[in-house]
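Have a look at the structure below before the remarks.
The values are calculated or read from the model by the stated rules, or taken from the named source; none is laboratory data. What you see is a predicted model; the values in this text were computed from it and never measured. Don't worry about glycine lacking a Cβ; one is built from the backbone with ideal geometry, like all the others, and counts go over all protein chains shown. Please note that ligands, DNA and RNA were not included when accessible areas were found on the heavy atoms of the full protein model with its side chains. Shrake-Rupley method; radii C 1.70, N 1.55, O 1.52, S 1.80 Å.
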Amino acid sequence: MSNLPKSIDAVEALLADHGYIAARALATVVFLSLKLGRPLFLEGEAGVGKTEIAKVIAAALGRRLIRLQCYEGLDAASAVYEWNFAAQMIAIRTAEAGGGADRTALRAELFTEDYLIERPLLAAMRPQPGGAPVLLIDELDRTDEPFEAYLLEALSDFQVTIPELGTVKAPEAPIVILTSNRTREVHDALKRRCLYHWVDYPDAAREAQILTARCPEAQQALSREVVAFVQRLRSEDLFKKPGVAETIDWAKCLLALDVISLTPEVIADTLGAILKYQDDIQKIQGAEAKRILDEIRRDLAPV
C-alpha cells in the first residue's frame, strides 16, 4: 500500500481534494487505520458522512469500493457467496440429455468457480487491480448478532471458507470501514478489533466549508443562511435532526429554484429536503420558521 498518505495532514489534504472536509480527529483515526491496517468503525447519526468517507477514500486511493449494505436477517451466505443454481440446473439437464452423465464428475464440475456468485465479503478477499479494495460494511447495527459473530471471525484473519472449494484468504488485507447509526449497540468484541470514531454533526464553520466544497455554485450569502438555519434546527426538539447530507440537498434544491435568500415561504415549500418526518415539518412551518430565520439574520448581521 505504497500510495497511502504518510501523515495526518496528508489525509486531510487527500480527503479535501475529493470534497470531504474532515475534522482533525477523524483524519487522525483514518490515518491510523490505513497505517496500522486496522478496520475503522464509524458511529454517528444518519447523514453525517460515515458512508461518504469510505467512498472518498476509495476514490482518493484509486481502489475498488465494495459495499455490503446490512439489513435485518442478513446471513453469512448472502454476504459471502451463493451458487448459480439456474446455471447449474442447465448444466445438469444438458449432461442428462447427452446421456451417460458421470454423476461424480458432474458434481465436481458444478461446484467450481464457474458457477460461483461472489458477494461482497468474498469479493473483498480477492486480489484487485490497484491494490486491496475498500470494504464498506454499511449500517452494521441493522444486522443480527449471529452475523456480527461471523464478521468478527472473517475480519480477524481476512479469510472466508466455502465448504465446496475451501478457504479463500486475502493476499492483502482490505481497507475495512464499518458504519453504525446506533439503532442498537454493536458487540464490544467487534469494536475491539477496530479503531473507533464517533462522527458528530460539524460546527458551523466546517459545515460551511463542506457546503462550499459540495455545492460551490451557491452564493456565499445563501450558504451562510442555509448553514445557520440547519445548525439552529439541530438545537430544536425534533424526531430526526438534519444531517450534512440534508444541508447539501437543501442548498441544491434552493439553487434549482433560483433562490438567492431564505424567506419563510421558501422554507415552508422546501422543508421536505431537510426534515423527513411530518411531525417535524409541522413543528417548524409558519411562525416557527420565521422566528428561527429572524434569529439567524440577527446573528449574521454585521456588528
**OP:** Taking only segment 83-113 into account, find how many residues are of a type outside the set (Lys, Arg), open to solvent by 70 Å² or more (accessible area, probe 1.4 Å) and either farther than 30 Å from Phe158 by Cβ or in contact (Cβ under 8 Å) with a residue 40 or more places away in the chain (or both).
**Re:** 9
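Restricted to segment 167-186, and to residues that are more than 17 Å from the chain's Cα centre (by Cα) and not β-branched (Val, Ile, Thr), which residue is nearest to Gly130 (Cα to Cα)? First the steps, then the outcome.
Of all residues in segment 167-186, those more than 17 Å from the chain's Cα centre (by Cα) come to 167-173, 184-185.
Subset that is not β-branched (Val, Ile, Thr): 169-173, 184-185.
Numbers: Lys169: 18, Ala170: 15, Pro171: 13, Glu172: 12, Ala173: 13, Arg184: 36, Glu185: 35 Å.
Going through the qualifying residues, I end up with Glu172.
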Subject >> Test: residue in segment 54-63 that is under 30 Å from Arg142 (Cα atoms), in contact with a Lys or Arg (Cβ under 7 Å, 6 or more places away or on another chain) and open to solvent by 50 Å² or more (accessible area, probe 1.4 Å) >> reply: no
Subject >> Selected residue [open to solvent by 30 Å² or more (accessible area, probe 1.4 Å), at pLDDT 95 or above and not polar (S, T, N, Q)] from Leu42, Leu68, Leu15, Leu32 >> reply: Leu32
Original post:
If you take the residues of segment 196-251 that are small (Gly, Ala, Ser) and not in a helix (DSSP H, G or I), which of them is nearest to Ile274 (Cα to Cα)?
Top reply: Gly243
**OP:** Considering only segment 206-235, state which residues are hydrophobic (A, V, I, L, M, F, W, C), modelled with pLDDT under 95 and open to solvent by 30 Å² or more (accessible area, probe 1.4 Å).
**Re:** Ala213, Ala221
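Go through segment 114-195 and tell me which helices (runs of 4 or more DSSP H), entirely inside it, have 3 or more residues that are touching a residue at least 60 places away in the same chain (Cβ under 8 Å) and open to solvent by less than 60 Å² (accessible area, probe 1.4 Å).
In segment 114-195, 145-157 are the helices (runs of 4 or more DSSP H) which contain 3 or more residues that are touching a residue at least 60 places away in the same chain (Cβ under 8 Å) and open to solvent by less than 60 Å² (accessible area, probe 1.4 Å).
Kindly evaluate Leu293 against the criterion of being under 17 Å from Arg232 (Cα atoms), within 31 Å of the chain's Cα centre (by Cα) and of a type outside the set (S, T, N, Q).
Details: under 17 Å from Arg232 (Cα atoms): yes; within 31 Å of the chain's Cα centre (by Cα): no; of a type outside the set (S, T, N, Q): yes.
Answer is no for this residue.
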Original post:
Can we say Ile21 is touching a residue at least 60 places away in the same chain (Cβ under 8 Å), crowded, with 19+ Cβ neighbours inside 10 Å, outside any helix (DSSP H, G or I) and in contact with a Leu (Cβ under 6 Å, 6 or more places away or on another chain)?
Top reply: no
Original post:
From the list Ala289, Ala273, Ala251, Ala245, which one is touching a Gly at 6+ places or on another chain (Cβ under 6 Å) and touching a residue at least 24 places away in the same chain (Cβ under 8 Å)?
Top reply: Ala245
**OP:** Scan (1) touching a residue at least 24 places away in the same chain (Cβ under 8 Å); (2) more than 26 Å from Gly49 (Cα to Cα); (3) not β-branched (Val, Ile, Thr) for the single condition Arg234 breaks and write down its number.
**Re:** (2)
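Suppose the filter is in contact with a Ser or Thr (Cβ under 8 Å, 6 or more places away or on another chain) and under 25 Å from Ile21 (Cα atoms); does Ile248 pass it? I'd like the intermediate steps shown before the answer.
Details: in contact with a Ser or Thr (Cβ under 8 Å, 6 or more places away or on another chain): no; under 25 Å from Ile21 (Cα atoms): yes.
No; evaluated as a whole, the condition is false for this residue.
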Original post:
Picking from Leu271, Leu190, Leu233, Leu238, which residue would you name as being within 25 Å of the chain's Cα centre (by Cα) and under 30 Å from Gln128 (Cα atoms)?
Top reply: Leu190
**OP:** Residues being open to solvent by 50 Å² or more (accessible area, probe 1.4 Å), in contact with a helix residue (DSSP H, G or I) (Cβ under 7 Å, 6 or more places away or on another chain) and outside any loop (DSSP other than H, G, I, E, B): count how many of those fall in segment 257-303.
**Re:** 3
